[in-house]
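Here's the structure, in structure tokens; my notes come after.
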Amino acid sequence: MEKLLEVKNLNVDFVNRDDTVRVISNLSFSLGKSEVLGIVGESGSGKSVTSLSIMRLLNEASARVRGTISFGGTDLLTLSEREMQAVRGNQIAMIFQEPMTSLNPIQTCGRQIMEPLLLHNQISKKEAADKALRLLELCGIPDAKNRFHEYPHQMSGGMRQRVMIAIALACSPKLLIADEPTTALDVTIQAQILELMKDIRKKNDMSIIMITHDLGIISDFCDRVLIMYTGEIFEAATVKQLFRDPLHPYTQGLLQALPRISRQTDRLEAIEGMVPDAGQMPKGCHFHPRCKYAQERCKKERPELKELPDGRCVRCFRV
Amino acid sequence: MLRYILRRLSLMVVLLFGVSIMVFAISHMVPSNPAAANLSQTALNDPEIVAAYEAKWGLDKPLYEQYFIYMENLLKGDMGTSIRTGRPVMDDLKQYFPATLELSIFAMIFAIVLGILSGVLSAVFQNKPIDQVLRTVSVSGVSLPSFWFALVVMSFFCGTLKWFPSGGRIDPRLFNPTGGTGLYVIDAIAWGEWGMLKDSLAHIVLPALVLGFFTMGLITRQTRSNLLETMSMDYIRTARAKGMKESRVVWGHALNNALIPVITVAGMGFCNLLGGMVFVEKIFSWPGIGQYAYLSATTLDFPAICGVSLLIAVTYVVVNLLIDILYGVIDPRIRYQ
């Protein structure tokens, strides 16, 4: 498959006056054209930082990003800010987690959709407005003509997320990064938004990075999955492989934590313990304090990400 | 919207009624003797003259009766006659108010333009040298006493540098503007009198600067802190993710959101400015309401004191109404039904 995005040895450090904390270490992955890659992890696993690094939206004063992020052959990290602005919203677009706060409260939705169109294309306001209206319709907003002139506070969370998606799709990006697009929505709206995204994926030929902590969305939506933990990839596999035969104890724990209708239990299963703080990583394998298979070796040595003959990668000594 | 404005304006009548009672009560509660303040020593020794004086100005009647007479005349559009100047208070106000209005408009323009500009610079270059300098200036604006600042500015720019004339609205040897709006700058532009424009601008710069300095400091601080807060909002990240230039993110998305609380502060600053007016007009010999109020108060000129108080109350209400309307213009979430 032709590669659209290739991230190699990405390291992100958060720097403040007193110390430096590594939040992403040696992250490498690639994404093919029109492929959907899921990134799964608990809070603090570095999945959002990864996406913001690709967009170069991390505050440059406090975040140091190293490595290469090659997009369509150019390394985004070497671009000037001005060149990056031409990429953002145009070739790579992003949908954020919080539809309630991600839209400007004092601009009409229509104007906010027109903005990227006017920014990246040489078109008149009239043309941009027409296109924005079509985008609203495409994103399943009923009565789009009137909604166009409404402000975000006049809309529900689901509607606002549809507007966010319309903004992201405005310039037909080659890559769409969706950072937990349904987390803040209730379940029925979640399903609608996912349907919409699937639909759009069929119509527009684009690659998607879907960041989520919901394995249900992954199984439903993605081709391949990265399991992230403490800023590292723990397992990378196709969706089929991962759900049929999870290799890493962490992945197994995550899958077991899913409640099933067929299984009668009083308590939900959980992975014991908490994600360690970025400043206080345990020695050896980062997961060993929570791992039921942990041995002496896991406490001392860091396992490398091993590639298996069937193409999947795992970071565990047991494999 | 129109109904909202009308309701607010009708509430103003009630407010003015209250203000008139307050002013009347307070100014008469102070142990004072208007006759002593206005008559000469020899006249004071003659009880007949004193009695005639008090009868002339209605000072011999009970307070409530004085109030009713005043209110009755006020409803007919007559604010009484000033004891000190001997002219109708209405005429005095008409003469002095344009000067004050002009000065406060210039002070507010100065405060808003410079305040917002330096607030934005301060926020964008947070903790850089330029921010430190601007923060020092804004803290000075808020904390320097205006009478002291006025004297320093005057002695430096008028005394040492001789850049500006030291007082008055215009050079009376060169110009004697009559008619028009009474706002000399606007009149000069309307009449195409460029010499007069230059002269009136030269006169207004320093008092406007001194008068607006406090409000400018308030606005700078408020703009800076609000803008910093707004810049960390999710929708700013969205704007950046669209590929917008940082300057456009600040001016197009962040600033207007940050300005909503600034409007409140600007309004408060304007009211504060009316209070500072007395000092500034006195020091810069600006023939406005501030000086008029000061002289009326020292001579216990009751009709004039009431007139000035009512005028300032109306100004407060109108300014607050304008601010509320402005809220609705900027923020659709608080548009009035």
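Mind counting the residues in segment A:27-42 that are outside any loop (DSSP other than H, G, I, E, B) and at pLDDT below 90? Selection size over segment A:27-42: 0. Quick check on segment A:151-174. Is at least one of its residues over 18 Å from the mean Cα position of the chain (by Cα), more than 10 Å from every other protein chain (Cβ to nearest Cβ) and aromatic (Phe, Trp, Tyr)? No - not one qualifying residue is present in segment A:151-174.
Scanning segment B:318-328 finds no residues that are more than 29 Å from B:LEU75 (Cβ to Cβ), in contact with a strand residue (DSSP E or B) (Cβ under 8 Å, 6 or more places away or on another chain), part of a helix (DSSP H, G or I) and not hydroxyl-bearing (Ser, Thr, Tyr).
The condition of being assigned to a helix (DSSP H, G or I) and within 13 Å of chain B (Cβ to nearest Cβ) holds for A:ILE54.
Per-residue answers, yes or no, for (1) open to solvent by less than 50 Å² (accessible area, probe 1.4 Å); (2) within 30 Å of B:ILE325 (Cβ to Cβ):
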| position | (1), (2) |
| --- | --- |
| B:ARG8 | no, yes |
| B:LEU11 | no, yes |
| B:LEU16 | yes, yes |
| B:SER20 | yes, yes |
| B:PHE24 | yes, no |
| B:HIS28 | yes, no |
| B:PRO34 | yes, no |
| B:GLN41 | no, no |
| B:GLU48 | no, no |
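Among the conditions (1) touching a residue at least 24 places away in the same chain (Cβ under 8 Å); (2) closer than 26 Å to A:GLN85 by Cβ, A:ALA129 misses just one, which is (1).
Among the residues making up segment A:76-96, a single one is surrounded by 24 or more Cβ atoms within 10 Å (Cβ to Cβ), assigned to a loop (DSSP other than H, G, I, E, B) and in contact with a Leu (Cβ under 8 Å, 6 or more places away or on another chain): A:GLY89. Taking first residues from segment B:39-57 that are without any contact (Cβ under 8 Å) to a residue 40 or more places away in the chain and partners that are open to solvent by less than 60 Å² (accessible area, probe 1.4 Å) and assigned to a helix (DSSP H, G or I), the Cβ contacts under 6 Å between residues at least 6 apart in sequence or on separate chains come to B:ILE49/B:ALA43; B:VAL50/B:ALA35; B:TYR53/B:ALA35. In the set (1) out of contact with any Phe, Trp or Tyr (no Cβ under 8 Å at 6 or more places or on another chain); (2) among the acidic types (Asp, Glu); (3) closer than 25 Å to B:ASN257 by Cβ, B:ASP131 fails one condition alone, (1). Within segment B:284-310, can you find the residues that are closer than 22 Å to B:ILE21 by Cβ and surrounded by fewer than 18 Cβ atoms within 10 Å (Cβ to Cβ)? Within segment B:284-310, B:ALA297 is the sole residue that qualifies. Where helices (runs of 4 or more DSSP H) fall wholly inside segment B:158-267, the ranges with 2 or more residues that are within 14 Å of chain A (Cβ to nearest Cβ) are B:194-231, B:234-241.
The values are calculated or read from the model by the stated rules, or taken from the named source; none is laboratory data. What you see is a predicted model, and the numbers here were worked out from it, not measured in a lab. Glycine also receives a Cβ, built like all others from the backbone with ideal geometry; neighbour counts cover every protein chain displayed. The area values use the complete protein model at the heavy-atom level, side chains included, leaving out ligands, DNA and RNA. Shrake-Rupley method; radii C 1.70, N 1.55, O 1.52, S 1.80 Å.
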